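In what follows, a structure is listed as structure tokens, so that the remarks can point back to it.
The values are calculated or read from the model by the stated rules, or taken from the named source; none is laboratory data. Here the structure is a predicted model, which means the values were calculated and not measured. All Cβ positions, even for glycine, are placed from backbone atoms using ideal geometry, and neighbour counts span all protein chains on display.
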Amino acid sequence: MTHQSTLRRSLLLAPSLAVILVLIGLPLCLMGWISFLQKGGSAGVDWNSAPSAANYVRLVWEEDFDGTMILNTSYLVIFLRSVAQAAVTMLLSLLLGLPVALWIASLSRTGRDIMLLLITIPFWTNLLVRNYAWLIILREDGWVAQAVNALSPFGPVQLLYNDVAVAIGLTYSFLPFMILPLYTVFEKFHWRLLDAAHDLGATRARALRRVVLPIATPGIVAGCLLVFIPCLGAFVTPALLGGGKTLMLGNIIQMQFGASRNWPFGAALSVVLLAVMLIVMTGMALWRNRRTA
Amino acid sequence: MSPKRFPFTREISLAVLAYLYVPVIVLIAYSFNANRTATVWTHASLDWYGRILINPSIRAAAWNSLVLAVCAATAATILALMAALAMRRAFLGRGASETVLNAPLILPEIVVAVATLLLFVSVGVQLGLGAMIAAHTAFCIPFAYLPIRARLEGISASYEEAAFDLYANRFRTFRRVTMPLLWPGVMAGFTLAFVTSLDDFLTSFFLAGPGTTTLPVYIFSAIRAGITPEINAISAVMLIVSVLLVSLSFFLGRLRR
């Protein structure tokens, strides 16, 4: 067999690792440092300011005119809304994705291939364009809004620019991330286990709960993470379908780098987003280990 | 026994497929609408496609997107191919290297995008096409890496052993045996990296300098200014290009070994 020397391997591997570490790892470290500095200067960061946690304090408390700190809940609300939106999207995706994954796994070889391609294609098409399509469907003078308003017993209903529209758009954007890991679990599933459960007198619901779900746990955990994480940092969907009224973390981060021009505060918000992501990932990993142990 | 015993999975799946595809179909249908107000249907026409072809800012944005995607996908594919070849055998640090290579997939894009902006501005890198190519190359690496690695795993070592037994040197073995077998995986990886770069909005949004708008950034600012039939037409073109490329990659990945 081909002998691969350490030197040759290092030379092959080093460029890609270097590109990712320099263009992704290094910027993240720098961002962590900048989050402790103050804004200022033409580039948005005052490099000479003394490091302090002021940007993190600003997330929750605000300095009053006379210097007393008062509670400012506006960022907390946006933060909680982002987590709630991501959680709702995760649950919706699971509810829709589980039956789809079960069904695809029951098809013939060709049927599976076709369905997988159909599920994957939307993932590869432009996120912006897909959300824009919902903008067209849900807009005020569109036929969907007109039909809903004609049938609505509560008078005219606004379909766009609210949390429901954002949830629809987020689920639409990330549903394939839930279906694919679930499918990889069910693909290897021994369906005879269900026969055994049935023979032992389990109802379908009980078999689902006691046989299918425990086996599907790794897929469910992976799918939930793959949906939750991009949702938490979503920018395009709330910007288009939330219409500036239902902001999420991604939008306020962008605002600090755009109109507000407070880069250190934007860096602090990004660090918080990364921290939440890490906590969720660790929590899920621990939960899975406990389940499988 | 088949899993068909779970009721309604078929009905729910078909509804989910409709949920995934109806918006796309509606968008494409409206792009052929002759009416100026993008939601009232009059009759079919290709007017808007003609208009986007002659619109200079759309043409410039499309050209930037294309140059960006070709450069980033080529660089990412070469780097990913080298990495995949290095990762064939177990070695100390392989797990850590794998994590680094796949890190761009899991990190929230907005955080990476603003962090890259901070780095580039701090060290004085000019924003624009060059900055975008560098950033796109980094996050496209895993998209190129995964199909190449999957293909490489399916290639039996015995072909290369046979080449060595027949006195082919390492370079000749790579060129005449490994590469021809690996080629579909490399093309699939390139295509996925290309589509990922072509469709990217957030990174380009932060790193585009003046005059280097890409197509998604153009679409975003156009939507902000108001919905027009031109946006429907560009969006439809972008959708169709992505679908064709992804289908191509899917079939390349499935070519017989």
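Residues in the stretch B:150-177 that are hydroxyl-bearing (Ser, Thr, Tyr) and either closer than 30 Å to A:ILE121 by Cα or outside any helix (DSSP H, G or I) (or both): B:SER156, B:TYR167. Among the residues of the stretch A:149-163, just one is surrounded by 15 or more Cβ atoms within 10 Å (Cβ to Cβ), in a helix (DSSP H, G or I) and free of Cβ contacts under 8 Å to residues at least 60 places away in the same chain, namely A:ASN149. Just need a number here: residues in the stretch A:23-45 that are surrounded by fewer than 15 Cβ atoms within 10 Å (Cβ to Cβ), more than 7 Å from chain B (Cβ to nearest Cβ) and over 28 Å from the mean Cα position of the chain (by Cα). Number of matching residues: 2.
A quick yes/no check of all residues on (1) part of a helix (DSSP H, G or I); (2) surrounded by 13 or more Cβ atoms within 10 Å (Cβ to Cβ):
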position	(1), (2)
A:LEU193	yes, yes
A:LYS245	no, no
A:LEU278	yes, no
A:LEU286	yes, no
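Residues that are within 14 Å of chain B (Cβ to nearest Cβ) and either farther than 30 Å from B:GLU160 by Cα or touching a helix residue (DSSP H, G or I) at 6+ places or on another chain (Cβ under 6 Å) (or both) do not occur anywhere in the stretch A:56-76. Which condition number does B:PHE206 fail, the rest of (1) free of Cβ contacts under 8 Å to residues at least 40 places away in the same chain; (2) assigned to a helix (DSSP H, G or I) being met? All conditions pass for B:PHE206, except number (1). Quick check on my filter: what residues within the stretch B:221-237 are within 9 Å of chain A (Cβ to nearest Cβ) and surrounded by fewer than 22 Cβ atoms within 10 Å (Cβ to Cβ)? Selection gives B:ILE223, B:ARG224, B:ILE227.
Looking at A:LEU180, A:LEU170, just one residue is within 15 Å of the chain's Cα centre (by Cα) and away from chain B (no Cβ under 11 Å), and that residue is A:LEU170. Exactly one residue out of B:LEU79, B:LEU27, B:LEU105 is at the interface with chain A (Cβ under 7 Å from one of its Cβ atoms), closer than 30 Å to A:SER10 by Cβ and among the hydrophobic types (A, V, I, L, M, F, W, C): that is B:LEU79.
Can you tell me which of B:ALA76, B:ALA72, B:ALA80, B:ALA61 is in contact with a Leu (Cβ under 7 Å, 6 or more places away or on another chain) and either crowded, with 18+ Cβ neighbours inside 10 Å or at pLDDT below 95 (or both)? Quick ask: steps written out before the conclusion?
Values: B:ALA76 fails: in contact with a Leu (Cβ under 7 Å, 6 or more places away or on another chain); B:ALA72 fails: in contact with a Leu (Cβ under 7 Å, 6 or more places away or on another chain); B:ALA80 fails: in contact with a Leu (Cβ under 7 Å, 6 or more places away or on another chain).
That would be B:ALA61, the only listed residue that is in contact with a Leu (Cβ under 7 Å, 6 or more places away or on another chain) and either crowded, with 18+ Cβ neighbours inside 10 Å or at pLDDT below 95 (or both).
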